[in-house]
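Have a look at the structure below, then the notes.
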């Protein structure tokens, strides 16, 4: 039986932050007293570069079959699911047979891994062909009303990721308490609240992924340089490390950290802030950075 006291964290960049994620997972096991109580890593999410089903943030490149197998098995041996961000909102029937994306699914088809979904077309295809994955409703759907959320939670999803504009909406949070264990909260979103172009921006990222086009810039009215973590902490949707416990007491036990497309240093800071006890952050940071430098061959 699952321990309802546990709090699960879903970390970004299973590929791009492969080494850092491994290290933080191992440090949590080696030094549990230095991390916040009852914290576990619930999944690592993202994509292998070049997968056209990917959404949210376009990621370009290519990964060999051998490297895919290594990465998936590494996380799974640590009892951490790999979660694929198959949230491209512009997919058509012709894209379902993509050999690269289907190869990824076959390699991960062991009953341990997960998929974030956005479109019904791809979700139906995946559920038919790969029924042993856990399916999760993505925040990229931009579901922002209580009625729509309740309908979504009636469907067969392991989790539904809350739109971050609702992170502090007490009316919604109270009404959803009966479903709290199946809701995931994005705690440190970098985007601005209530952005009217967010769904259009997701669609533009989807287009770039499908067309392998990375030279365009979306005309976002709130576009700024990539923020620092200290700036992210000032955003209205931000949940502080101390607030997490109060959400968990209400039954909300799944929390997600942003990171795709962001600098490693910013993501590292978010890991230390949320996962590690304040007094122990210097120790864990030192262990993390030394091990990361050794694995990557880079001197601090």
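Applying a 10 Å radius around every beta-carbon, put 77-86, 275-284 in order of their mean neighbour count, most first.
Averaged packing, sorted descending, gives the order 77-86, 275-284.
Mind giving me the nanometre distance, one decimal, between the label points for residue 240 and residue 286, set 7 Å out from Cα along Cα→Cβ?
2.8
Which order do the peptides 173-180, 252-259 come out in when sorted by mean C-beta neighbours inside 10 angstrom, highest first?
So the order, starting with the most tightly packed, is 252-259, 173-180.
Can you tell me how much longer the chain between residue 145 and residue 127 gets when fully stretched, taken as 0.36 nm per residue apart minus their C-alpha distance, in nm with one decimal?
Roughly 3.9 nm would be gained on extension.
Got a sec? How would 9, 53 order by Cβ neighbour count within 10 Å, fewest to most?
9, 53
What nm value, rounded to one decimal, do you get for the distance between residue 69 and residue 293 when each label is placed 7 Å out toward the C-beta?
If labels sit at residue 69 and residue 293, their model points lie 3.5 nm apart.
Roughly speaking, what is the centre-to-centre gap between segment 151-169 and segment 71-98 when only Cα atoms are used, to the nearest Å?
Here the two parts' Cα centres lie 20 Å apart.
Throughout, read-outs are computed from the coordinates displayed, never taken from laboratory work. These figures come from a predicted structure and were not determined experimentally. For neighbour counting, all protein chains shown are included, and Cβ atoms are generated from backbone atoms with ideal geometry for every residue, glycine included.
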